[in-house]
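Novice: Below you will find the structure I want to go over with you.
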Number of protein chains: 2
Amino acid sequence: MPSRLIVSRELADLLKLLAHPDRLRMIEELRLGEKDVTGIAEALALPATRVSQHLAQLRAQRLVEERRDGRSHFYRLAHPQLAAWIVDALQFVDIRNRLDEGEHIDSVRALWSAQAPNTSH
Amino acid sequence: MPSRLIVSRELADLLKLLAHPDRLRMIEELRLGEKDVTGIAEALALPATRVSQHLAQLRAQRLVEERRDGRSHFYRLAHPQLAAWIVDALQFVDIRNRLDEGEHIDSVRALWSAQAPNTSH
DNA sequence: CCCTAATCTGCAACAATTCGCAGGTTTGCA
DNA sequence: TGCAAACCTGCGAATTGTTGCAGATTAGGG
């Protein structure tokens, strides 16, 4: 009965997929709704190719869903609660000597989930 | 204000640390209380050296705390709620064609958190 | 003091991930 | 049909992660 082993591998694969700064920001970016590749790339100041590669990975494990409209591909979170679950992880990051001195965990949490600083509109 | 970038990197580091089947099982193993290196190694059928290496990583990011008693080093979760948070991630793993057909998410969840099958006592 | 148990650390080989770039596909429009 | 916009995929080089093994450390017991 190696189910336990199997589950630990599945979980590890999921966490590995999430364990990249760009992908985390992308998920956070999709928190409020769908967005197309170019939109994500601009919001996060990343090359569109990289965003596309990340999206392919997220898509492969069904974390995002795609909708095509003309030449644009819109992506949305398959599980909207994923973003909230990720924010919950902040309680486990080691605060000492990380995050510039004086920053409080709650302010960081608020900032992370805050609306992006409107790169364009 | 690159705080957002910094936070995404911190989160990614944390998830990267968790994204290993052995380490996930170790954390689950510590869910109910402290255990020494040999105890963990036996319960999970892993070489003690590997367990020690994993523990060093978890320790470095303060996810586990150490207590020494004689020659044994007992480890415990720094944040007991971490184990529950990890179990929550099961809702995001893609079920199709993973987990042997017919297995239900709830049964997997129960199995994962169930007491280990007593390898020895 | 010496031996052993329990654990830790350093290192090298191997494996996996990341990322840019080149080239391909699909769609809209003239 | 031809062209350009928006995306996707394949590939190779550089980086990063994993793991066993050999050799320290630390502590208990003669």
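The values are calculated or read from the model by the stated rules, or taken from the named source; none is laboratory data. Keep in mind it's a predicted model, so treat the numbers as computed, not measured. Glycine also receives a Cβ, built like all others from the backbone with ideal geometry; neighbour counts cover every protein chain displayed. Each accessible area value is taken on the protein alone, full model and side chains, heavy atoms only, with ligands, DNA and RNA left out. Shrake-Rupley method; radii C 1.70, N 1.55, O 1.52, S 1.80 Å.
Novice: Measuring from a point 7 Å out along Cα→Cβ, what nm distances, shortest first, does B:ASP106 have to its partners in the other copies?
Specialist: Nearest first, the other copies' label points are 3.7 nm away.
Novice: Rounded to the nearest 20 Debye, what is the dipole magnitude of the protein assembly as shown about its Cα centre when Lys and Arg each give +1 and Asp and Glu each give -1 at the C-beta?
Specialist: Around 360 debye, computed over the protein assembly as shown.
Novice: Probe radius 1.4 Å, ligands and nucleic acids left out: can you give me the accessible area buried at the A-B interface, summed over both chains, in Å² to the nearest hundred?
Specialist: Between A and B, the summed buried area is about 4500 Å².
Novice: Let's see if you can work this out: charge +1 on each Lys and Arg Cβ, -1 on each Asp and Glu Cβ, no other charges. What is the dipole magnitude of chain B about its Cα centre, in debye to the nearest 20?
Specialist: 480 debye
Novice: Then there is this: If you take each beta carbon of peptide B:85-92 and count the beta carbons of other chains within 10 angstrom, what is the mean?
Specialist: Shielding by partners across B:85-92 averages 6.
Novice: With a ≥ b ≥ c taken as the square roots of the eigenvalues of the C-alpha gyration tensor of segment A:3-113, please select rounded if a/c is under 1.5 and otherwise prolate if a/b is larger than b/c or oblate if it is not?
Specialist: oblate
Novice: Between rounded, prolate and oblate, where does the protein assembly as shown land on the alpha carbon gyration tensor, with a ≥ b ≥ c its root eigenvalues, rounded for a/c under 1.5, else prolate if a/b exceeds b/c?
Specialist: Oblate.
Novice: Amide H neighbours of A:PHE74 under 5 Å, counting only residues 5+ apart in sequence or on other chains, H built in-plane at 1.01 Å?
Specialist: A:ARG67, A:ARG68, A:ASP69
Novice: Cβ neighbours within 10 Å, averaged per peptide: list B:42-52, A:28-38 in order, most packed at the top.
Specialist: Sorting B:42-52, A:28-38 by mean packing, highest first, produces A:28-38, B:42-52.
Novice: Then there is this: Kindly provide the helix-only [θ] at 222 nm of the protein assembly as shown, computed as the sum of -39,500 (n - 2.57) over DSSP H runs of four or more divided by all residues, to the nearest 500 deg cm²/dmol?
Specialist: One gets -15500 deg cm²/dmol as the mean residue ellipticity at 222 nm.
Novice: In addition: May I ask you to give the solvent-accessible area per residue for segment A:3-113, in square angstrom, as obtained with a 1.4 angstrom probe?
Specialist: Accessible surface, normalised per residue, equals 48 Å².
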